[in-house]
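> Before we start, here is the structure in question, set down as C-alpha cells.
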Amino acid sequence: MLKEFKAFIARGNVIDLAVGVIIGGAFTGIVTSLTNNLINPLIGIFLGKIDLSNLIFKVGDATFRYGAFINSLINFLIVAFVVFILIKLINKVLKRQPTKPAIDNKEVLLSEIRDLLKNKQ
C-alpha cells in the first residue's frame with residue numbers, strides 16, 4: 001500500500017495539482033488585496049462609502065452583510081477573468097505549435113516491403 005501511495009504522489013498530475021493549489025492560494029490573496037485596496041475605494045467614491053464590507057442591513061436580529069458579499073463577488077469576477085485570459089493565451093500558444101503528422105507503422109512497413117520487391121525485380 002505504501003508503494004502505491006508513493007507511485008500516486010510521484011505522478012506528475014498530483015504534483016501539478018499541488019503547485020496549482022499553492023499558486024491559486026497566493027493569487028487569491030493578491031486579488032483580495034486588489035479588491036479591498038483599489039477597486040472597493042473606486043466603487044466607494046461613486047456610492048459615497050469607502051468600505052463596502054461594512055454595508056449591512058438588519059431584519060430583526062439577523063444582520064445581512066451584503067457589502068462583504070459584494071467584495072467576494074468582485075474577487076470571483078477578477079479571478080474568473082484572469083483564468084479566462086490565461087486559458088485563452090494557452091490555447092493560442094498551443095495552436096501555434098506545429099504538430100507532426102503521426103506516421104503509421106503499417107505504412108512504413110508496407111513501403112519497405114514495396115521497395116524490397118522493386119529491388120528484387
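> Exposed (fewer than 11 other Cβ atoms within 10 Å of the Cβ) and under 30 Å from ALA26 (Cβ atoms): which single residue out of LEU73, LEU94 fits that description? Walk me through how you get there before you give the answer.
On the way: LEU73 fails: exposed (fewer than 11 other Cβ atoms within 10 Å of the Cβ).
After ruling out the rest, the residue left standing is LEU94.
> Still on this structure, I have one more. Hand me the list of helices (runs of 4 or more DSSP H) wholly inside region 1-81 holding 3 or more residues that are touching a Gly at 6+ places or on another chain (Cβ under 8 Å) and of a type in the set (Val, Ile, Thr). Can you show your working first?
On the way: elements: 2-10, 12-34, 40-47.
Once the helices (runs of 4 or more DSSP H) in region 1-81 are filtered for at least 3 residues that are touching a Gly at 6+ places or on another chain (Cβ under 8 Å) and of a type in the set (Val, Ile, Thr), nothing remains.
> What about GLY24, is it surrounded by 10 or more Cβ atoms within 10 Å (Cβ to Cβ), under 19 Å from VAL82 (Cβ atoms) and without any contact (Cβ under 8 Å) to a residue 24 or more places away in the chain?
Details: surrounded by 10 or more Cβ atoms within 10 Å (Cβ to Cβ): yes; under 19 Å from VAL82 (Cβ atoms): yes; without any contact (Cβ under 8 Å) to a residue 24 or more places away in the chain: yes.
Yes.
> I need the full set of residues from region 43-74 which are over 18 Å from SER33 (Cα atoms) and of a type in the set (Ser, Thr, Tyr), in order please.
Matches in region 43-74: THR63, TYR66.
> Between ASN36, ASN40, which is surrounded by 12 or more Cβ atoms within 10 Å (Cβ to Cβ) and under 25 Å from GLY20 (Cβ atoms)?
ASN36
> I've got another one for you. Can you name the number of the only condition in (1) out of contact with any strand residue (DSSP E or B) (no Cβ under 9 Å at 6 or more places or on another chain); (2) without any contact (Cβ under 8 Å) to a residue 12 or more places away in the chain; (3) polar (S, T, N, Q); (4) loosely packed, with under 12 Cβ neighbours inside 10 Å that ASN54 fails?
Checking ASN54 against (1) out of contact with any strand residue (DSSP E or B) (no Cβ under 9 Å at 6 or more places or on another chain); (2) without any contact (Cβ under 8 Å) to a residue 12 or more places away in the chain; (3) polar (S, T, N, Q); (4) loosely packed, with under 12 Cβ neighbours inside 10 Å, the one that fails is (2).
Read-outs: derived from the displayed coordinates by stated rules, not from any lab. Note that the structure is predicted; figures quoted are calculated from it, not measured. Please note: Cβ atoms are built from the backbone with ideal geometry, for glycine as well, and neighbour counts cover all protein chains shown.
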